[in-house]
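Written below as structure tokens is the structure these notes are about.
A short reminder: the numbers here are calculations on the coordinates, not readings from a lab. Since this is a predicted model, take the numbers as computed values, not measurements. Backbone-built Cβ (ideal geometry, glycine too); neighbour counts: all protein chains shown.
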Amino acid sequence: MLVDLPTGIAPGIATVSITDTLGAIITPSSVEVLTGSSQRNPFNINYVGNIFSVDGASPQLRAPKDFERATQYVVEFAGDTIPHAVQIEFSHTPSVGAAYVVNPRGDLKNVTWSDDGSNLKVFITPSTGFTTTQIKDFKFYVAGGLTDLSQTHLKAYDQLGVPVSGVTATITQH
């Protein structure tokens, strides 16, 4: 979001609160107001066909694709016993996309991964050294434009490194 702040605001940390035209309040944000002055950029946006450019520069955005969220896979786990660590492997279409594994809960788990262009391997361990209390905390995302992601191996272990049976994974494309 681009905001043109009014002149005369005191320098320092300020909170910006915005209400849209329908009355919905956008979560307030903290900004740092700097001393001095600047020149307003009108951001002349040109739209030709489905390509946007700013101030006559080369095309920056292609609509609507650049405004959409990229395809991703969600990997979730289930089982009666909560493992301490998980190793899961996938295959995917060779040389399509570039794998990127996203850990939504870095406070609970460490996620390390490697990809050779057609095989993705992911390791999940607790970040605190203690086994998590909910199997749903093992959830992670795979992004990067991969296609045909499918699970090939899954191994789960308890805190002593003993294999845990009955742990399964579900992969959903979004």
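Length gained on full extension, Ala10 to Ser127: 37.9 nm, using 0.36 nm per residue less the C-alpha separation.
By the scheme Lys and Arg +1, Asp and Glu -1, what is the net charge of all other residues having a beta-carbon under 11 Å from that of Val167? So the environment of Val167 carries a net charge of -1.
The amide H of Asp158, built 1.01 Å from its N in the peptide plane, has His84, Val164 as neighbours under 5 Å, considering only residues 5 or more places off or on other chains. When each of the peptides 138-144, 29-35 is scored by the mean number of other C-beta atoms lying within 10 Å of its residues, the order from highest to lowest reads 138-144, 29-35. What FRET efficiency do you get for Lys136 and Thr27 if R0 is 30 Å and r is their Cβ-Cβ distance, rounded to the nearest 0.05? After rounding to 0.05, the efficiency reads 0.70. Karplus-based coupling profile of segment 101-109, in residue order and whole Hz: 9, 10, 9, x, 9, x, 6, 9, 8, with θ = phi - 60° in 6.51 cos²θ - 1.76 cosθ + 1.60 and x standing for Gly or Pro. Close amide H contacts of Ser127 (hydrogens built in the peptide plane, cut-off under 5 Å, sequence separation of 5 or more or a different chain): Lys109, Asn110.
Full extension of the chain between Gln39 and Asp116 yields a length gain of 22.9 nm, computed as 0.36 nm times the residue separation minus the alpha carbon distance. Couplings 3J(HN,Hα) for segment 144-160, derived from phi with the Karplus relation 6.51 cos²θ - 1.76 cosθ + 1.60 (θ = phi - 60°), are x, x, 5, 10, 6, 6, 9, 6, 10, 8, 9, 10, 10, 9, 8, 5, 9 Hz, where x marks Gly and Pro.
For segment 63-174, what value does the Rg/Rh ratio take when both radii are computed over Cα atoms and Rh is the Kirkwood radius, given to two decimals? Write out the running numbers ahead of the final one.
Numbers: Rg = 14.5 Å, Rh = 14.5 Å.
For segment 63-174, the value is 0.99.
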